[in-house]
Amino acid sequence: MSRTAVVTGAARGIGLAVARALLESGWEVAGCDVLEADLEKAAADFGGKFTPWVLDVTREEDVNKTAESILERHGEIFGLVNNAGITRDGLLMRMSLDDWNRVISVNLTGAFLMCRAFSRGMLRRREGSIVNVSSVVALLGAAGQANYVSSKAGLIGLTRALAREFAGRNIRVNSVAPGFIETDMTKDLPDNVKEDYAVRVPMNRMGRPEDVADAVRFLLEDESSYITGVVLSVDGGLAT
Ligand SMILES: NC(=O)c1ccc[n+]([C@@H]2O[C@H](COP(=O)([O-])OP(=O)(O)OC[C@H]3O[C@@H](n4cnc5c(N)ncnc54)[C@H](O)[C@@H]3O)[C@@H](O)[C@H]2O)c1
């Protein structure tokens, strides 16, 4: 029987690529996102092994209810990929509390709620793998992104804490730190910012969502069975 993974932010970009990579590798995928139309399109493209779940990961009750429904539909959950994320950039002096709170809430609190909702079954079965999608900026910092950088550094903390908490139960918790990846999140950046990044990447190109998806799949699958608590950079050398 195929294993099931839950992927947040699965409607587009890196999350969609993760869903595709997992499906190609024989997984079933429960894809969660706030973008209903994009989720439905993915479901139509992928077929029955992908189930779409409209979910805002910041809403505690909805997360818990959706987790119950996903468990009913798919049975046991083996993998969880916390990929949903947003930016609300701005210099500190102009950053509103709302912009701070929303980014922390989606990027970090959402991952906490999802880990809590899905780890119960993993702990009982003594089997599971969780991957948190952090960012290169958690390692390097980035001007104008105090909220985003803090949320992504927080995800690395969450990863390390849970890796230790769950290791004795054979549940691994890792993170990936993507560099500059071509998705909707980066498409509207000014050209000079994109050019600046491209020049700084030792491999001389932006990353593709598939580059990140392959790393996530590796960390979910048994090939990485003795790896936990790591931050795997997928950035063409940017953070080295
Ligand atoms: N693109 C990059 O260069 C890059 C670099 C490093 C890290 N990342 C991280 O990778 C992840 C995916 O980013 P992407 O580039 O594919 O961006 P994206 O904007 O294309 O995808 C993010 C997805 O998350 C979903 N989402 C947002 N808020 C949500 C919520 N409250 N509940 C559920 N889903 C929600 C969005 O609807 C969207 O489908 C993010 O966590 C991002 O921070 C991206």
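Which ones in region 203-240 are part of a helix (DSSP H, G or I), more than 16 Å from the chain's Cα centre (by Cα) and buried (at least 18 other Cβ atoms within 10 Å of the Cβ)?
S224
Can you list residue pairs whose Cβ atoms sit under 7 Å apart, with the first residue in region 1-19 being closer than 19 Å to I86 by Cβ and of a type in the set (D, E, K, R) and the second being within 9 Å of the ligand (Cβ to nearest atom) and part of a loop (DSSP other than H, G, I, E, B)? Count only pairs 6 or more apart in sequence or on different chains.
R12/L35
Grab the helices (runs of 4 or more DSSP H) fully contained in region 109-186, keeping just those with 2 or more residues being crowded, with 19+ Cβ neighbours inside 10 Å and away from the ligand (no atom under 16 Å from the Cβ).
110-125, 146-166
For residues in region 64-77 being surrounded by fewer than 22 Cβ atoms within 10 Å (Cβ to Cβ) and of a type in the set (A, V, I, L, M, F, W, C), which is farthest from the ligand (Cβ to nearest atom)?
L71
Out of E165, E127, E195, which single residue is closer than 25 Å to G79 by Cβ, out of contact with any Asp or Glu (no Cβ under 8 Å at 6 or more places or on another chain), free of Cβ contacts under 8 Å to residues at least 24 places away in the same chain and acidic (D, E)?
E165
Pick out the one residue from A19, A10 that is among the small types (G, A, S), closer than 23 Å to R208 by Cβ and not in a loop (DSSP other than H, G, I, E, B).
Just a single option satisfies the conditions, and that option is A19.
Out of curiosity, is R116 of a type in the set (K, R), within 30 Å of T66 (Cα to Cα) and touching a helix residue (DSSP H, G or I) at 6+ places or on another chain (Cβ under 6 Å)?
The answer is no for R116.
For region 76-89, does any single residue satisfy the condition of being free of Cβ contacts under 8 Å to residues at least 60 places away in the same chain, out of contact with any Pro (no Cβ under 9 Å at 6 or more places or on another chain) and basic (K, R)?
No, every residue in region 76-89 fails to be free of Cβ contacts under 8 Å to residues at least 60 places away in the same chain, out of contact with any Pro (no Cβ under 9 Å at 6 or more places or on another chain) and basic (K, R).
Of the numbered conditions (1) among the aliphatic types (A, V, I, L, M); (2) modelled with pLDDT under 95; (3) assigned to a strand (DSSP E or B), V193 fails exactly one; give the number of that condition.
Single failed check for V193: (3).
Picking from A43, A67, which residue would you name as being among the small types (G, A, S) and either closer than 22 Å to V176 by Cα or touching a Pro at 6+ places or on another chain (Cβ under 7 Å) (or both)?
A43
Of everything in region 35-58, what is touching a Leu at 6+ places or on another chain (Cβ under 7 Å) and either more than 13 Å from the ligand (Cβ to nearest atom) or aliphatic (A, V, I, L, M) (or both)? Give them in sequence order.
Listed by number, the residues that qualify are A42, F46, K49, F50, V54, V57.
For region 200-229, name all the residues that are away from the ligand (no atom under 16 Å from the Cβ) and among the β-branched types (V, I, T).
If the condition is that a residue be away from the ligand (no atom under 16 Å from the Cβ) and among the β-branched types (V, I, T), then I227, T228 are the ones that fit.
Which members of region 18-45 meet the condition of being surrounded by fewer than 24 Cβ atoms within 10 Å (Cβ to Cβ) and closer than 20 Å to F78 by Cα?
Result: R20, A21, L23, E24, S25, G26, W27, E28.
The values are calculated or read from the model by the stated rules, or taken from the named source; none is laboratory data. All values reported here derive from a predicted model rather than from experimental measurement. Note: ideal-geometry Cβ built from the backbone for every residue, glycine included; neighbour counts use all protein chains shown.
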